[in-house]
Amino acid sequence: MLLEVDGIDVYYGDVQALWGVSFRVERGEKVALVGANGAGKTTALRAVSGLLHPRRGRVLFGGRPIERMTAHRVTDLGIAHIPEGRQLFPLMSVEENLLAGSYLPRARPHRRANLERVYTLFPRLAERRRQDAGTLSGGEQQMVAIGRALMSEPALLILDEPSLGLAPVLVQELFRVIQRIARDGTTVLLVEQNVHQALTVADRAYVLENGRVVMEGAGRELLAHPGVQAAYLGVG
Ligand code: ATP
């Protein structure tokens, strides 16, 4: 098991956002957290990557408790979190943004090879390697954000709403790349409001409602579930 989240309660000040949330991600899996706006998906990701600390419960990464660690330390251990909104350096080139992801000691020596890997995954970025990141389209910026995360050679890649604001054709391309990243050996945990896409690519998924996990199952199984279809897929 790569990641085990076990019964976490997370608060923003006095306001409780997660109640006893548990989920797990096995090595090599693609796992999705889905749910409506405000269900607690982003909060759950932040609790994994050390940006928030649960008041109760545990987070184990490779069997090791990480729920009290700083985000920096968690990154060092091999978790790369791409937040919603991407957070690139707009006045730096595509390539400089990508290289900024390779600062960790384990990744630095391989940065040329990793750069080539990113350009193979995203040929469009190779064409634009000298262009300022701030001048790229939303979809291209998302590619840079994913590429930069891969430059750190993470064991677990966390993506928060990667398809947000992208044109449908780019959403397809993005999910194809996510599949390929997973096939190449990086475990993927993602949050999506695009429930159909998320359940199509995910091996397993968890449905969150009001800060609680209310359902879990294989992606395809949830896709066919009448309750999920009625609540999230506009069916029924
Ligand atoms: P979205 O897709 O809208 O981001 P989400 O499922 O990711 O939804 P969260 O962002 O995790 O949901 O929010 C869960 C709950 O925590 C919501 O009730 C939200 O209002 C609350 N919340 C989120 N961020 C904060 C914050 N910084 N301060 C206080 N409450 C917050």
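Values quoted throughout were computed directly from the atomic coordinates according to the rules given, and no laboratory measurement underlies them. Because the structure is predicted, anything quoted here is derived from the model rather than measured. Virtual Cβ from ideal backbone geometry, glycine too; neighbours counted across all protein chains shown.
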Exercise for the section: Return a whole-number percent for the relative contact order of region 1-129, with Cα pairs under 8 Å and 6 or more residues apart as the contact set. Expected result: 21 percent
Handout entry: DSSP-defined beta bridges in the chain - what % are antiparallel, rounded to 5
Key = 50 percent
Handout entry: Coil-residue trypsin sites (Lys or Arg not before Pro) of region 47-94, DSSP, other Cβ within 10 Å capped at 13
Key = R55, R68
Exercise for the section: With the convex hull built on the Cα atoms of region 166-236, state its orientation-averaged projected area in nm². Expected result: 5.2 nm²
Fill in the blank from the handout: Rounded to one decimal in nm, the spacing of the 7 Å Cα→Cβ label points at Y11 and Q131 is 4.8 nm
Completion exercise
Contact order relative to length for the chain, counting C-alpha pairs under 8 Å separated by 6 or more residues, stands in percent at 27 percent
Fill in the blank from the handout: With x for Gly and Pro, the residue-by-residue ³J(HN,Hα) of region 68-80, computed from phi through the Karplus equation 6.51 cos²θ - 1.76 cosθ + 1.60 at θ = phi - 60° and given in whole Hz, is 9, 7, 6, 4, 4, 5, 5, 4, 4, 6, x, 10, 10
Practice task
Using label points projected 7 Å from each Cα along Cα→Cβ, tell me how many nm separate R220 and T120, to one decimal.
Solution key: 2.8 nm
Problem - chymotrypsin sites (Phe, Trp or Tyr not before Pro) within region 13-65, DSSP loop, no more than 11 other Cβ atoms inside 10 Å - result: none
Problem - Taking the convex hull of Cα positions in the chain, its mean projected area over all directions (nm²) - result: 12.3 nm²
Practice task
For region 113-232, divide the Cα radius of gyration by the Kirkwood radius and give the resulting Rg/Rh value with two decimals.
Solution key: 1.01
Practice task
Hey, could you grab the Kirkwood Rh for region 1-124? Inverse mean 1/r over distinct alpha carbon pairs, Å, one decimal.
Solution key: 16.3 Å
Problem - For region 140-173 versus region 17-74, the gap between their alpha-carbon centres in whole angstrom - result: 19 Å
